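This report refers to the structure that appears directly beneath it.
Each value in this text was obtained by applying a stated rule to the coordinates, not by laboratory testing. Bear in mind the structure is a predicted one, so any value in this text is a computation, not a measurement. Using ideal geometry, Cβ is built from the backbone for each residue, glycine included, and neighbour counts are taken over all protein chains shown.
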Amino acid sequence: MQPGKRDKRGYFITFEGADGCGKTTQIQLIKEYLDKKNIENILTREPGGSDLGVHLRKILLHYENPVSNIAETFLYLADRAQHIEYKIKPALESGKIVLCDRHTDSTIAYQGYGREQNIDEIKHLNSIATAGVIPDLTIVFDIDTEIAQKRLQGEKDRLEAEGIEFHKKLRHGYLEIAKNDPKRVKVIDANKSIERVFSDTIKVIEEILNV
Ligand code: TMP
């Protein structure tokens with residue numbers, strides 16, 4: 001779909017960024033903004049956006065024994081396949097805006113750039129998991145890795161607990177993804193205040209959705 005045009009199929013927006021980038025707060029604000037304008041939308045997330053996904057999320061984030069890189073990738077893809085089939089596709093088909101907290105680009109950034117798995121293979125497997133559904137717009141919240149790490153408080157999950165070098169690699173990964181697909185992927189400077197990040201994000205969404 002061309003930016004600025006929204007057809008009956010709905011509109012698929014994904015939000016991405018390293019752990020601690022403030023993404024979840026921003027998505028909540030965006031949902032409230034759309035609700036106030038009476039624009040039909042759903043807010044969902046990966047992993048964990050479907051019933052099956054809720055179980056997979058627990059394993060992915062909290063399984064205590066070693067998980068092979070390949071097994072990890074397949075578990076994220078299984079979560080995505082279920083999510084696309086039972087939640088995202090039906091919502092798009094009924095004309096809703098789908099706001100999704102993480103999607104395909106997380107697998108490329110975390111498992112590809114972070115875990116150094118083959119990116120072309122991930123893309124191929126991902127295209128099977130998504131049955132060809134591609135986000136219309138992806139917002140990447142880009143933040144200095146040290147600042148993001150400081151924001152993560154309390155007990156960390158499996159991925160958050162990876163060191164700073166891992167998180168630097170995936171930040172670089174997100175910027176590469178944006179560089180390679182500038183039409184779909186927009187980078188927002190998430191080092192700024194919550195209000196400023198929100199207004200920068202809404203500007204992008206308003207321009208594209210024409211709302
Ligand atoms: P979050 O919901 O708090 O962002 O946690 C999800 C974690 O899972 C986060 O650390 C990123 C990671 N993740 C991947 O490694 N690959 C993926 O494909 C997805 C969707 C998430």
*State, as an integer percentage, the relative contact order of the chain based on alpha-carbon contacts under 8 Å between residues 6 or more apart.*
33 percent
_Calculated FRET value between Ile147 and Glu85, using beta carbons and R₀ = 45 Å, to 0.05_ = 0.75
*Provide the FRET efficiency to the nearest 0.05 for the Ile202-Val67 pair, computing r from the beta carbons and using R0 = 45 Å.*
0.75
_Please compute the length gained on full extension between Arg9 and Glu93, using 0.36 nm multiplied by the number of residues separating them and subtracting their Cα-Cα distance._
29.7 nm
*In nm, to one decimal, how far is the Asp189 label point from the Asp51 one, both placed 7 Å along Cα→Cβ?*
4.7 nm
*Would you mind ranking His124, His83, His172 so that the residue whose beta carbon has the fewest other beta carbons within 10 Å leads the list?*
His124, His172, His83
*Whichever lysines have a C-alpha closer than 16 Å to that of Lys169, once near sequence neighbours (fewer than 8 apart) are set aside*: Lys179
*May I ask which of Lys36/Lys96; Lys156/Lys192; Lys58/Lys123; Lys37/Lys186; Lys31/Lys96; Lys23/Lys123 have a Cα-Cα span longer than 19 Å here?*
Lys156/Lys192; Lys58/Lys123; Lys37/Lys186; Lys23/Lys123
*asked:* Between region 176-211 and region 90-120, how far is it from one alpha carbon centroid to the other, in angstrom?
replied: 16 Å
*Counting other beta carbons within 10 Å of each Cβ, put Arg9, Arg45, Arg102, Arg184 in order, fewest first.*
Arg9, Arg184, Arg45, Arg102
